[in-house]
Amino acid sequence: MSRSAFSTSGRRPRPEAVEDISAGVEGWFGPEEGRLLYRLAAEADPAGCIVEIGSWHGRSTIWLGAGAKAGREARVVAIDPHTGTYLREHGETTEAALRANLARAGVLDQVEIVVARSEEAATGWSRPISLLWIDGDHAYESVRRDLLLWGRHLLPAAVVALHDTFVWPGPERVVQELLIGPGRYTSFLHAETTTAARRCGQLAPRAALVRRAGLVRRALYGMRLRAYDANTHGFATIRDALARG
């Protein structure tokens, strides 16, 4: 019998089991990022839905579905064309793999699968969104388009999260230009290469100071992450050696 993310005594998913299951799913998404999405999904307002742009085989979708089930049970809408891009062979579709992985994790009933490109799915969309997770095409123009298309449906206190920030130019530029620059987002969080922030209005002076401090922490984290990724001055080699003890 396959193991699901749920305890035998109830419907609440266990993060440890979610991590085990998601580790066996093809993708490029780490466990720390997963736990961040799990928490954000658990907190997501069920008056809106959780929208995922880019599902692939469902590694992050599993974390979103499990978090939603563990928390306030907002619906997850997973949007992906499941064909095309250099990641797939000509004519290959990843929809069946996604559905099988979600079923194996016990979250298929929490997720609506939309087989379409982001801009196609956005046409005629009218539902409010409480959590927007962007992990589609990483080109700057595509990431920016995704945020602008779907951002118009965000609830006032909704959260936006983007994958592969810090180390991919496209997502990081969108974070800098649309999340940090205008000052309309606060409560910045990061895990591995994921950045998340919450929509806000005009901040009081103390809250604005807290926001600035959070952005300083993010900037320092980004410097360390990029130094590790590039092994600048042997940073990664030294850190790995210290970690091995």
**Full-stretch length increase - Trp28, Cys200 - with 0.36 nm per residue and alpha-carbon distance subtracted** = 58.9 nm
**Message:** Only Cα pairs within less than 10 Å get springs; with that Gaussian network setup on the chain, which residue of Ala197, Ala208, Ala68 has the largest fluctuation?
**Reply:** Ala208
**Prompt:** How would you classify the chain from its alpha-carbon gyration tensor, with a ≥ b ≥ c the square roots of the eigenvalues: rounded for a/c under 1.5, else prolate if a/b is greater than b/c, otherwise oblate?
**Reply:** rounded
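Values quoted throughout were computed directly from the atomic coordinates according to the rules given, and no laboratory measurement underlies them. Nothing here was measured: the structure is a model prediction, and the numbers come from that model.
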